[in-house]
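Heads up: the structure comes next, in structure tokens.
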Amino acid sequence: MRKELEPKMEIAEKLYPQIKHLIEKYAEYCDENGDEELVEYKNLENSLHEITGKDMTKYNLSEWWEGEGLEVLSFRIALPEPNIIADITKDELLEIVEILKMPFDESDFAQNDTENDFSQMFKIYLDDYYRVLLKINFKGYKHEYFNRQKGKDGKYFEYSAGEIVEKIWGKK
């Protein structure tokens, strides 16, 4: 896959400690003082927006422990959004679809020579990145293609990676 399609993990790794620290500071502040008026929450949103340029309203910055946890939230915020790429090939689309369909198991966490610890630790959380990449680059992208489908015969099935590519590519 071309570098311009890949997640910018080096930027995420650079921003991650600062973002995590700000969220931790906010949690500590709330534990000690509360934030019923959400003044400090808005300050946190603004600070994170300044660092990343992202819209923070899609993140739950105050109750992250009920979601995926502080580390994953910090990573998702630190990872830059994908760009519109005018010339994604069908083979690249297939590679992205295969990444999204790939189940993870313990062997996926084995360290290899091409990935650093940060990339290895967060690689299973790249699904949002790739879904947004498809959404902004392909009019035919639908998240539902990756879910189980109910056939006309009432039986459930899943589209193969190739079938998903054809559905997305056909409506480019």
Subject >> Qualifying positions in region 109-129 - at pLDDT 70 or above and open to solvent by less than 70 Å² (accessible area, probe 1.4 Å) >> reply: 116, 118, 119, 120, 122, 123, 124, 125, 126, 127, 129
**OP:** Could you check, for region 73-81, whether at least one of its residues is at pLDDT 95 or above, within 20 Å of residue 3 (Cα to Cα) and open to solvent by 60 Å² or more (accessible area, probe 1.4 Å)?
**Re:** yes
Subject >> Residue under evaluation residue 57, criteria (1) of a type in the set (S, T, N, Q); (2) out of contact with any helix residue (DSSP H, G or I) (no Cβ under 8 Å at 6 or more places or on another chain); (3) at pLDDT below 95, criterion not met >> reply: (2)
Subject >> Residues of region 142-156 that turn out to be more than 22 Å from residue 95 (Cβ to Cβ) and open to solvent by less than 80 Å² (accessible area, probe 1.4 Å), as a count >> reply: 3
Original post:
Are any residues in region 58-68 under 24 Å from residue 14 (Cβ atoms) and open to solvent by 90 Å² or more (accessible area, probe 1.4 Å), and if so, which ones?
Top reply: 58, 68
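One line per residue, one yes/no per condition, for (1) without any contact (Cβ under 8 Å) to a residue 24 or more places away in the chain; (2) over 30 Å from residue 163 (Cβ atoms); (3) under 14 Å from the mean Cα position of the chain (by Cα); (4) open to solvent by 40 Å² or more (accessible area, probe 1.4 Å):
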position	(1), (2), (3), (4)
7	no, no, yes, no
20	no, yes, no, yes
34	yes, yes, no, no
37	yes, yes, no, yes
45	yes, yes, no, no
71	no, yes, yes, yes
85	no, no, no, no
89	yes, no, no, yes
92	no, no, no, no
Subject >> When residues of region 50-67 are limited to those that are of a type in the set (Asp, Glu) and either in a helix (DSSP H, G or I) or touching a Lys or Arg at 6+ places or on another chain (Cβ under 8 Å) (or both), the one farthest from residue 32 (Cα to Cα) >> reply: 50
Subject >> Boolean, residue 26 is open to solvent by less than 40 Å² (accessible area, probe 1.4 Å), over 15 Å from residue 70 (Cα atoms), assigned to a helix (DSSP H, G or I) and in contact (Cβ under 8 Å) with a residue 12 or more places away in the chain >> reply: no
**OP:** Of all residues in region 94-108, count the ones that are open to solvent by less than 50 Å² (accessible area, probe 1.4 Å) and in contact (Cβ under 8 Å) with a residue 40 or more places away in the chain.
**Re:** 3
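The values are calculated or read from the model by the stated rules, or taken from the named source; none is laboratory data. Bear in mind that the values here come from a model prediction, so they are computed numbers and not experimental data. Virtual Cβ from ideal backbone geometry, glycine too; neighbours counted across all protein chains shown. When the accessible area is computed, the model is the full protein with side chains, heavy atoms only, and any ligands, DNA or RNA have been set aside. Shrake-Rupley method; radii C 1.70, N 1.55, O 1.52, S 1.80 Å.
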